[in-house]
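The values are calculated or read from the model by the stated rules, or taken from the named source; none is laboratory data. Predicted model only: the values in this text are computed from it and were never measured. All Cβ positions, even for glycine, are placed from backbone atoms using ideal geometry, and neighbour counts span all protein chains on display. Accessible surface is based on the protein model in full, side chains and every heavy atom, while ligands, DNA and RNA are left aside. Shrake-Rupley method; radii C 1.70, N 1.55, O 1.52, S 1.80 Å.
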Amino acid sequence: MELRQLRYFVRVVELGSMSRAAMDLDMVQSALSQQISRLESELSTRLLQRSSKGTVPTEAGLAFFHEAQLTLRHAEQAIHAAQQARLSGAVSIGLSPTIASVLGLPLMQALRQRYPEVRLHMVSALSGHLTSLLNARQLDLAILFDAQGARRWSVQPLLEEKLYLIQSKRRPLCPHTATTTMAQMGGVPLILPSGSHGLRNAIVTAFAHAGLPLNMALEIDGLPLLMEAVMAGMGATVQPWSAVKLHHATQGEFLWSEIVDGQVRRPAMLCGLSEDELSPAALAARVVLRDCAEHLVTSGAWAGATLSHHKN
C-alpha cells in the first residue's frame, strides 16, 4: 500500500466521482481506477460502489476513508517537521582563487539561505595547498584539479574549464589572436604555479602531448602576484577565464586567447573526505555546491566551463 493510493481513494470519496477525482489529480480515469482496484485487491474488500448519487464508499470503504484521512494528515505533519528541522553543524570548503572568484559568493549565499544554522569555513588557496589540507582532514570538501594525491577521498567530476593564453596588453610577448594552438604557443615564456599544483600539471601534460618544450619564465605560487607579473610583461600565463574575472578591475590590461586544442582543459573535481567521514552538514553542503556550479554554468555566468557527468 502506498500513500499515493490513499490520496487517490480519499479524493474520490471527497468528490463523489471517479471522473472528477481523475481530473482533479491530473490523471487518466483508467489509471485512477486501476490504482483503486489494486488497493481493494490488497485489502481483499470492496471500498467503492457506483450509485445514482455517483461513486460512494461501502461500509468498509467509509471506515477506511476516516483512517486514511488520519494517515495522510500524519504523513503531512511528518513531512512538515522534516522540512522545518534546521540542519546545524560546521563544514569547511576549499576553493582555488579562480574557482572562488566565480563560485565563492554564490555558494556562501546559497548555504546561508538553505541552512542558516550551518557554520561555513571557506579557504581560498592554490590546489596544492588544498590537497595538503584535505589529506590532513582540515577540510571537508575542496574543488581540485588533480586527484592523484587522494587518500581515501570521495571524488566526483564537477566541470571542465577552457584554458586561455593570457598576456599583457601593454607588453605582449606574441601576436594576439582570439584563438591559439599549442604549436603557436611554443617558445612563449610562461609564468605558472610550481609543480605541486593541478593547473601546472595539466599544462605540462599538454605540452608533452604536443611534443613542445615548456619555456618557464617564472614560478609563482600566488595568483595575484602571478597576474601582476603577467601585466608587467615578465611572461604570459595559461589560466581559465575565471583568472581574468578575479582581476576584473584590471581586465583591460590583459589580452587572452582561447587555446583550441581539444585536450587542453582544466578538469575540476569535487573532492571530500570519505562518505562515512562527512557530517550531515558537509553532505548537505556538497549538494548545494553542485547545484550552484550547475546553475552558474547553465546560465552562462561561468564562461568557458562545461559540466562533467557525475559518475559516482
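Taking VAL123 and the conditions (1) surrounded by 15 or more Cβ atoms within 10 Å (Cβ to Cβ); (2) under 30 Å from ASP261 (Cβ atoms), which numbered condition does it fall short on, given that it satisfies the others?
For VAL123, the exception is condition (2).
Filter the stretch 162-173 down to the residues that are open to solvent by 30 Å² or more (accessible area, probe 1.4 Å) and in a loop (DSSP other than H, G, I, E, B) and list them by number.
Of everything in the stretch 162-173, those that are open to solvent by 30 Å² or more (accessible area, probe 1.4 Å) and in a loop (DSSP other than H, G, I, E, B) turn out to be LYS169, ARG170, ARG171, PRO172, LEU173.
Within the stretch 79-92, does at least one residue satisfy the condition of being surrounded by 12 or more Cβ atoms within 10 Å (Cβ to Cβ), of a type in the set (Ser, Thr, Tyr) and modelled with pLDDT of 90 or more? Quick ask: steps written out before the conclusion?
From the stretch 79-92, those surrounded by 12 or more Cβ atoms within 10 Å (Cβ to Cβ) are 87-92; that's our starting set.
From what's left, of a type in the set (Ser, Thr, Tyr): 88, 92.
Now drop any that are not modelled with pLDDT of 90 or more, which leaves 92.
Yes - at least one qualifying residue is present in the stretch 79-92.
Quick one: is THR177 assigned to a loop (DSSP other than H, G, I, E, B) and open to solvent by 20 Å² or more (accessible area, probe 1.4 Å)?
The answer is yes for THR177.
Report, by residue number, each residue of the stretch 260-272 that is crowded, with 19+ Cβ neighbours inside 10 Å and modelled with pLDDT under 90.
As a first pass, look at the stretch 260-272 and keep what is crowded, with 19+ Cβ neighbours inside 10 Å: 264-266, 268-272.
Listed by number, the residues that qualify are VAL264, ARG265, ARG266.
Looking only at the stretch 256-278, count how many residues are outside any strand (DSSP E or B), in contact with a helix residue (DSSP H, G or I) (Cβ under 7 Å, 6 or more places away or on another chain) and of a type outside the set (S, T, N, Q).
Counting residues in the stretch 256-278 that are outside any strand (DSSP E or B), in contact with a helix residue (DSSP H, G or I) (Cβ under 7 Å, 6 or more places away or on another chain) and of a type outside the set (S, T, N, Q) gives 2.
Restricting to the stretch 141-160, and then to whatever is modelled with pLDDT of 90 or more and in contact with a helix residue (DSSP H, G or I) (Cβ under 7 Å, 6 or more places away or on another chain), can you tell me which residue is surrounded by the most Cβ atoms within 10 Å (Cβ to Cβ)?
Looking at the filtered set, the residue picked out is LEU144.
When the residues of the stretch 225-255 are filtered to those that are in a loop (DSSP other than H, G, I, E, B) and closer than 19 Å to THR181 by Cα, which remaining residue is modelled with the highest pLDDT?
GLY235
Being surrounded by 12 or more Cβ atoms within 10 Å (Cβ to Cβ), assigned to a loop (DSSP other than H, G, I, E, B) and of a type outside the set (Val, Ile, Thr) is the filter here; which residues of the stretch 19-67 pass it?
LEU25, MET27, ARG46, LEU47
Which one of the conditions (1) open to solvent by 20 Å² or more (accessible area, probe 1.4 Å); (2) within 30 Å of LEU296 (Cα to Cα) does SER96 fail to meet, given that it meets all the rest?
Unmet condition: (1).
Just to check your reading of the model, which residue among LEU134, LEU212 is aliphatic (A, V, I, L, M) and over 22 Å from the mean Cα position of the chain (by Cα)?
When all the criteria are applied, what remains is LEU212.
Taking into account only those residues within the stretch 186-224 that are open to solvent by less than 40 Å² (accessible area, probe 1.4 Å) and part of a loop (DSSP other than H, G, I, E, B), which is farthest from GLN239 (Cα to Cα)?
GLY186
Quick one: which residue in ALA232, ALA236, ALA183 is surrounded by 19 or more Cβ atoms within 10 Å (Cβ to Cβ) and in contact (Cβ under 8 Å) with a residue 24 or more places away in the chain?
Of the residues listed, the single one that is surrounded by 19 or more Cβ atoms within 10 Å (Cβ to Cβ) and in contact (Cβ under 8 Å) with a residue 24 or more places away in the chain is ALA236.
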